[in-house]
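No value in this document is a laboratory result; all are computed from the given coordinates. Because the structure is a prediction, the values reported are computed rather than measured. Counting neighbours? That spans all protein chains shown, and the Cβs are built from the backbone with ideal geometry, glycine included.
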Amino acid sequence: MKTTRMMQAVFVAAVCALAIGATRARQGMTAAVPIDGDDIGGIVSGPKGPEAGVWVIAETTELPTRFVRIVVTDDRGRYVLPDLPKANYTVWVRGYGLIDSPKTTAQPGKALNLTAVPAPDPRAAAEIYPAGYWLSLLKVPEKSEFPGGAGISQGVKNQADWIRLIKSGGCTSCHQLGTTGTRKLPKDFDHYPSSVLAWERRLQSGQAGTNMIQTLGQIGHDRALALFADWTDRIAAGEVPQAPPRPQGAERNVVITEWDWADPKAYLHDEVSTDRRNPSLNSFGKIYGSLELSADYLPVLDPQEHSIGQVKLTVRDPNTPQTSQLMIQPSAYWGTDPVWKSKNNVHNPMYDEKGRVWITSAVRPPDNPAFCKSGSEHPSAKLTPLERSGRQLAMYDPKSGKLAHQYVLQHASPDVRRGCE
Ligand code: HEC
């Protein structure tokens with residue numbers, strides 16, 4: 001089944017400085033790149049010699065969950081993929097100005113020189129540019145058109161506000177724009193008489209359709225649709241963004257590790273690995289994620305074992321509402337299947353000093369008990385009466401493996417702003 005990129009946002013990436021990089025760079029004055037028994041290393045060259053600042057990617061599905069490690073070549077085209085768990089890896093080169101090299105298979109402990117493949121034209125090179133580079137091709141209304149220009153929402157005060165709604169406040173608060181899925185119209189919408197109508201239809205897709213159309217309205221329905229349609233029309237006709245620079249300096253010293261989490265119908269909203277007040281708590285321990293509207297479990301990643309697990313979540317009151325199953329139009333990817341089914345709607349997990357994981361989680365319907373509302377004598381309610389709350393609290397204790405639903409009251413100290421979370 002075809003899935004969208006954003007629905008598969010189930011990776012977690014850990015980035016750490018490659019402290020051994022400098023040492024290895026010095027040792028590597030000879031042609032060969034020194035490696036240990038659990039590294040893969042070598043030189044990447046293209047037709048003009050060593051390729052600097054390109055990514056070497058090693059991927060395997062032989063571990064309990066899919067595992068990817070990525071490094072960058074130095075100025076002499078050298079790379080080391082360090083400390084790989086034992087497995088067969090598919091290895092290839094990706095970089096600005098290139099198309100992906102053919103994939104080869106390698107095992108840790110193996111020296112592996114790779115051949116980079118130059119892109120035959122700017123279009124082929126641009127396929128892997130970051131989404132934001134593609135989005136930069138979107139035309140923006142002139143400053144003089146604000147406020148109140150043709151097809152622009154009255155609420156948008158100026159050009160900066162319009163741009164913010166697209167690139168951080170509105171659309172992009174949920175997903176990137178400029179990814180392959182968003183910069184091309186899917187074949188399903190080919191039969192629409194204009195790109196504007198195809199765009200209107202595609203924004204009605206799936207369980208987020210209502211939200212997308214509302215966001216479009218905030219920006220200004222007609223003008224935004226016209227500009228989005230013009231954007232993808234020009235891209236379909238061959239327009240490409242400017243090339244990004246290759247990683248430079250310290251950017252070449254990173255090691256990125258990615259693991260597949262959760263499942264194809266879930267999306268990852270947030271994750272926690274430690275107590276932010278004591279960041280050595282839970283070193284190398286399990287990482288807990290939250291799947292927001294999509295599913296009722298905490299995805300768990302063990303970055304040592306490269307394995308994943310699930311903490312099943314429950315509600316206190318079976319009448320806790322589920323993510324809305326309504327959609328204005330079916331998804332081009334999922335059809336009429338509502339893929340989000342959560343009741344808990346978990347937002348952000350937090351470790352406390354005892355290594356327990358607290359989550360904002362719905363456990364009951366949103367109407368608050370009387371003691372939270374105005375008229376109550378409770379000090380918190382007096383300070384901040386709350387009629388409804390979208391989420392409450394739950395806590396998972398990894399030591400006991402138990403999940404607890406917390407009641408709503410907090411201490412009535414003067415700094416308590418919200419009594420009934
Ligand atoms: C509430 C979160 C949310 C917001 C806000 C949002 N989107 Fe989406 N968007 C989604 C989801 C989820 C999908 C996948 C829909 C599906 O299942 O087909 C999607 C899909 C898309 C697609 C691909 C649809 C297709 O099938 O071709 C485009 C294009 C898109 N969004 C653009 C936008 C634009 C432009 C905005 C702002 C006006 C926006 N989105 C705001 C969540 C959101």
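General remarks:
- Sequence ranges 48-54, 220-226, 250-256, ranked by mean other-Cβ count within 10 angstrom, highest first: 220-226, 48-54, 250-256
- Under the Karplus curve 6.51 cos²θ - 1.76 cosθ + 1.60, θ = phi - 60°, whole-Hz ³J(HN,Hα) for region 211-228, x wherever Gly or Pro sits: 5, 5, 5, 5, 5, 4, x, 4, 7, x, 3, 5, 5, 4, 4, 4, 6, 5
- Taking the helices alone, the chain has a mean residue ellipticity at 222 nm of -4500 deg cm²/dmol, built from -39,500 (n - 2.57) per DSSP H run of at least 4 residues and averaged over all its residues.
- Listed peptides 72-80, 172-180 appear in the order 72-80, 172-180 once ranked by packing, highest mean of other Cβ atoms within 10 Å at the front.
- Shape category assigned to the chain from the gyration tensor of Cα positions, a/c cut at 1.5: oblate
- Region 341-411 and region 60-115 have Cα centres spaced 45 Å apart.
- Note on region 262-421: Lys pairs 8 or more places apart or on different chains, Cα atoms under 14 Å apart, count 7.
- Prolate/oblate/rounded label for region 188-242 (Cα gyration tensor, a/c 1.5): prolate
- Between Q325 and S144, the contour length at 0.36 nm per residue exceeds the Cα-Cα span by 61.0 nm.
- Likely footprinting exposure, V346, V196, V357, fewest C-beta neighbours within 10 Å first: V196, V357, V346
- Of every Cα-Cα pair in region 321-405, the percent that sits beyond 23 Å: 47
- Taking amide hydrogens as placed 1.01 Å from N in the peptide plane, the amide H of L81 sits under 5 Å from those of I40, G41, each at least 5 positions away in sequence or on another chain.
- Each peptide in 334-343, 295-304, 138-147 gets a packing score, the mean of other Cβ atoms within 10 Å over its residues, and the list from highest to lowest is 295-304, 334-343, 138-147.
- Where both bridge residues fall in the chain, DSSP classifies roughly 95% of the beta bridges as antiparallel.
- Efficiency of FRET between L281 and Q310 - r from beta-carbon atoms, R0 30 angstrom, step 0.05: 0.85
- Alpha-carbon centroids, region 249-324 and region 186-204: separation in whole Å: 35
- D by Stokes-Einstein for region 246-375, Kirkwood Rh over Cα pairs, 25 °C, 0.890 mPa s: 142 µm²/s.
- Largest-first ellipsoid semi-axes for region 79-236, taking √(5λ) over the Cα gyration tensor eigenvalues, angstrom: 40, 17, 16
- Model label sites at V254 and T179, defined 7 Å from Cα along the beta-carbon direction, differ in position by 1.8 nm.
- Karplus-derived 3J(HN,Hα) values for region 252-265, using 6.51 cos²θ - 1.76 cosθ + 1.60 with θ = phi - 60°, are 8, 9, 8, 10, 10, 10, 10, 10, 7, 10, 6, 8, x, 9 Hz; glycine and proline are entered as x.
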